[in-house]
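Asks: This is the structure, below, for whatever I ask next.
Rule-based calculations on the coordinates, nothing more; no lab input. As the structure is a computational prediction, the values presented were derived from the model and not from experiment. Don't worry about glycine lacking a Cβ; one is built from the backbone with ideal geometry, like all the others, and counts go over all protein chains shown.
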Amino acid sequence: MNKFVAVLKKIALEMILNEEVKKNTIIQLNKKFNLPMVSEKTEAEFLESMWDAMQEALKGAISKEK
């Protein structure tokens, strides 16, 4: 992989995985995601955990790409 592609991947990750995008994504998903008998706060915590796991997976997958 050339350096230009590596830099583009890094920039893309930084744009997609920043705190503002995370916050807005969690809010939007929480509006659509409804588990009966579970509070909105608990749903948000679950979604945040899923976001964090997805973030780690994306970073790992993209950094290992050849």
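Asks: Calculate the spin-label point distance for Phe4 paired with Met54, positioning each point 7 Å from the Cα along the beta-carbon direction, and give it in nanometres.
Replies: 3.1
Asks: Among the lysines, which have Cα under 25 Å from the Cα of Lys31 when same-chain residues fewer than 8 positions away are ignored?
Replies: Lys22, Lys23, Lys41
Asks: Here's a follow-up. What do you get when you divide the Cα radius of gyration of segment 3-64 by 2.2 N^0.38 Å, with N the number of residues? Walk me through the intermediate numbers first.
Replies: Working: Rg = 14.3 Å, N = 62, 2.2 N^0.38 = 10.6 Å.
With N residues counted in segment 3-64, Rg over 2.2 N^0.38 Å equals 1.35.
Asks: Against the longest alpha carbon principal axis of the chain, how many degrees, from 0 to 90 and to the nearest 10, is the axis of helix 3-16 turned?
Replies: 10
Asks: OK, next. Helix 40-64 against the longest principal axis of the chain: what's the angle in degrees, Cα atoms only, rounded to the nearest 10?
Replies: 10
Asks: Please arrange Lys32, Lys9, Lys23 by how many other C-beta atoms lie within 10 Å of their C-beta, fewest to most. Please report the intermediate quantities before stating the final value.
Replies: Details: Lys32 6, Lys9 15, Lys23 12.
Fewest-to-most Cβ neighbours within 10 Å comes out as Lys32, Lys23, Lys9.
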